Amino acid sequence: MYYFGLINEYLKNYIKSRLTYRADFWVEVISDLLFQATNFIFILVIFMHTDSLGGWNQNEVVFVYGFFMVPFGIFSCFVNMWGFSERYITKGEMDRVLTRPAHNLFQILLENIDPPSLFGSLIGLVIMAISGANLGLPFEWWTIPALIVLSLSAVAIYTGIYTTLTSLSFYSDAPTGILPLMYNIQTYGRYPVTIYNRAIQVLLTWVIPFAFVGVYPAALFLHRDEMKGMALLTPVVGAVFLTIGLLAWNYGVKRYKGAGS
Amino acid sequence: MGAYLDFIRIRFLTMLAYRVNYYSGILIYSLNIGVNYFTWMAIYGKGESLGGFSATQMTSYVAVSWMARAFYFNNLDREISTDIRDGSIAIQFIRPYNYVLVKMMQGLGEGIFRFMLFMIPGMAIAMLLFPVQLPTELSAWVGFLVMLFFSFLINSQINVITGLSAFFVENNEGMMRMKRVVVDLFSGLVVPISLFPDWLSSVLKFLPFQAITYLPGSVFTGRVQGVGIWNVLGVQVFWFLVLLIPIIWLNHAARQRLFVQGG
């Protein structure tokens, strides 16, 4: 109950501070969508030059992309740790967070909430609907529940990975430039992973499991039976990586000593 | 002038202090190249040529484009907008140097670091992993290196413009993100420009972004040879000069508009 009250207060604060920079809100929505558009354009350009990518046609790849946008939007809204090391460690804001009663990670996530990202999820749903209709995908009784469960699992995977990486800044004084680089890689989980060589497949499946936020869960809706097992594994992978992330974070916070000033 | 050279040196040394961070960068850039490589190979299938690129040329193009990005990329936009937002730009403006020039020098110091400790070792690793074909002509090498320097200049100029825009829109976070996406896509890093639909690639010919990745990449892969190198270099020089105009104007206008929001 206490935590729900906090969410409410932080949201109010968010809206107040956002209204100061009104134009920027829309610029941000557009820039988010533009980022997605880059990848979308990539897919469209690819299919101008070929009919199938590793046995997947354009509508299927676009559908996977639409699915990918849904959890990514939710994740970007609630888990935005871009610039954490600079703001909280170097400038010492972590000390302020730690003196308060609510869990530190929870506070940090709320302070950086970013609702415009949710537009991406909406667009993702529209893309899924359109490409799904083109493919004539049946709408089953389990479609909606599966969509919710798989999206949340994917959000858990993202959160786990990025919490783990962000918590590295507790261990090293230097800002690690790894987060922006990771953002480049995460989009590759959308393509049929079978086109990659074995090493990259293993990497995208088990080490940084971005295949579980795109192609595997989407395969379930596409009735791609060869990936059905992997799709059903998504919640498990989500739970495992979220746990790793939280453990790394809590352990890191214990080690944290503050950085002067 | 000596003072400006010191800015290069100091930034280089600062970057050197954090060099360990770049080892992960090399790994991740190699992974980027790998994923792009396999995606393109799947597209090629049995096909011989796409948009004038053979499969080998495409591999070299992908590798060299990412590694060129490892060199020219910098965060001058963010640095400048931070200076503007926390008000420290006021101090920098009254110092006896040109603020924008100093930023460019710092960017160059970072670039030299990235060239030596990021791009070169990264390229070596990429060559071990993927069938990259190096140019054999001396002119291609010289042309490529000169063009790479202009890539850096043009990309930094675009960053400076984006950064200085914080004077006019106060919070330019969205603009900076948008710029990053636009540069990656329209410079030909994600997709070589000749593969875009005709209407789009003809629009892109009139924009500066192609000069950052696509033109040097074309020289490196041998799609542009001999006299052609002078032509594409000319395009880069043209954009370098054109982009000076908004920078000079912004720098001037910024001094009139400067109001410090806090601090």
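The values are calculated or read from the model by the stated rules, or taken from the named source; none is laboratory data. This is a predicted model, so every value here is computed, not measured. Cβ placement follows ideal geometry from the backbone for every residue including glycine, while neighbour counts extend to all protein chains displayed. Quick note on the areas: whole protein, heavy atoms, side chains included, nothing else; ligands and nucleic acids left out. Shrake-Rupley method; radii C 1.70, N 1.55, O 1.52, S 1.80 Å.
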Which numbered condition B:Val232 misses (of (1) open to solvent by 40 Å² or more (accessible area, probe 1.4 Å); (2) within 17 Å of the chain's Cα centre (by Cα); (3) over 19 Å from B:Asp184 (Cβ atoms)): (1)
Output the number of residues of the stretch B:18-29 satisfying the condition of being more than 8 Å from chain A (Cβ to nearest Cβ), assigned to a helix (DSSP H, G or I) and surrounded by fewer than 20 Cβ atoms within 10 Å (Cβ to Cβ). 2
Can you report the number of residues in the stretch A:82-108 which are surrounded by 19 or more Cβ atoms within 10 Å (Cβ to Cβ) and under 21 Å from A:Lys16 (Cα atoms)? 1
Check A:Val29, A:Val61 and return the single one that is under 27 Å from A:Pro217 (Cα atoms), surrounded by fewer than 18 Cβ atoms within 10 Å (Cβ to Cβ) and within 13 Å of chain B (Cβ to nearest Cβ). A:Val29
Of the residues in the stretch A:1-17, those that are in a helix (DSSP H, G or I), without any contact (Cβ under 8 Å) to a residue 40 or more places away in the chain and not acidic (Asp, Glu) come to A:Phe4, A:Gly5, A:Asn8, A:Lys12, A:Asn13, A:Ile15, A:Lys16, A:Ser17
What is the one condition in (1) of a type in the set (Ser, Thr, Tyr); (2) surrounded by 21 or more Cβ atoms within 10 Å (Cβ to Cβ); (3) more than 14 Å from every other protein chain (Cβ to nearest Cβ) that B:Thr162 does not satisfy? (3)
Unmet requirement for A:Val202, which otherwise passes all of (1) open to solvent by 10 Å² or more (accessible area, probe 1.4 Å); (2) closer than 30 Å to A:Arg255 by Cβ; (3) among the β-branched types (Val, Ile, Thr); (4) more than 10 Å from chain B (Cβ to nearest Cβ): (2)
Quick one: which residue in B:Ser156, B:Ser139 is touching a Gly at 6+ places or on another chain (Cβ under 8 Å), surrounded by fewer than 23 Cβ atoms within 10 Å (Cβ to Cβ) and among the hydroxyl-bearing types (Ser, Thr, Tyr)? B:Ser139
Could you tell me how many of the residues in the stretch B:3-62 are modelled with pLDDT under 85 and in contact with a His (Cβ under 7 Å, 6 or more places away or on another chain)? 1
Conditions (1) free of Cβ contacts under 8 Å to residues at least 40 places away in the same chain; (2) under 27 Å from A:Pro217 (Cβ atoms); (3) open to solvent by 10 Å² or more (accessible area, probe 1.4 Å) -> A:Thr20 fails only (2)
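Anything in the stretch B:30-61 that is more than 15 Å from A:His49 (Cβ to Cβ) and more than 12 Å from chain A (Cβ to nearest Cβ)? List them, or say none.
B:Thr56, B:Thr59, B:Ser60
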Residues located in the stretch B:191-202, provided they are in contact (Cβ under 8 Å) with a residue 60 or more places away in the chain and either open to solvent by 20 Å² or more (accessible area, probe 1.4 Å) or within 7 Å of chain A (Cβ to nearest Cβ) (or both): B:Ser194, B:Leu195
Expected output for the stretch B:168-180 (first residue more than 7 Å from chain A (Cβ to nearest Cβ) and within 16 Å of A:Ala37 (Cβ to Cβ), partner part of a helix (DSSP H, G or I) and at pLDDT 80 or above, Cβ below 8 Å, 6+ apart or cross-chain) is B:Lys179/B:Asp77; B:Lys179/B:Ile158; B:Lys179/B:Asn159; B:Lys179/B:Thr162
Within the bounds of the stretch B:72-85, is there any residue that is under 23 Å from B:Trp141 (Cβ atoms) and either within 14 Å of chain A (Cβ to nearest Cβ) or not hydrophobic (A, V, I, L, M, F, W, C) (or both)? yes
Hey, can you tell me all the residues within the stretch A:37-51 that are more than 8 Å from chain B (Cβ to nearest Cβ) and open to solvent by 50 Å² or more (accessible area, probe 1.4 Å)? A:Phe40, A:Leu44, A:Asp51
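Residues B:Thr14, B:Thr82, B:Thr56: which one is more than 28 Å from B:Asn171 (Cα to Cα), open to solvent by 10 Å² or more (accessible area, probe 1.4 Å) and assigned to a helix (DSSP H, G or I)?
B:Thr56
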Out of all the residues in the stretch A:231-251, is one or more part of a loop (DSSP other than H, G, I, E, B) and open to solvent by 10 Å² or more (accessible area, probe 1.4 Å)? no
Test for A:Tyr216: is it over 26 Å from B:Asp184 (Cα atoms) and open to solvent by 20 Å² or more (accessible area, probe 1.4 Å): no
Residues of the stretch B:171-190 being open to solvent by less than 20 Å² (accessible area, probe 1.4 Å) and closer than 9 Å to A:Ser31 by Cβ, which ones? B:Gly174, B:Met176, B:Val181
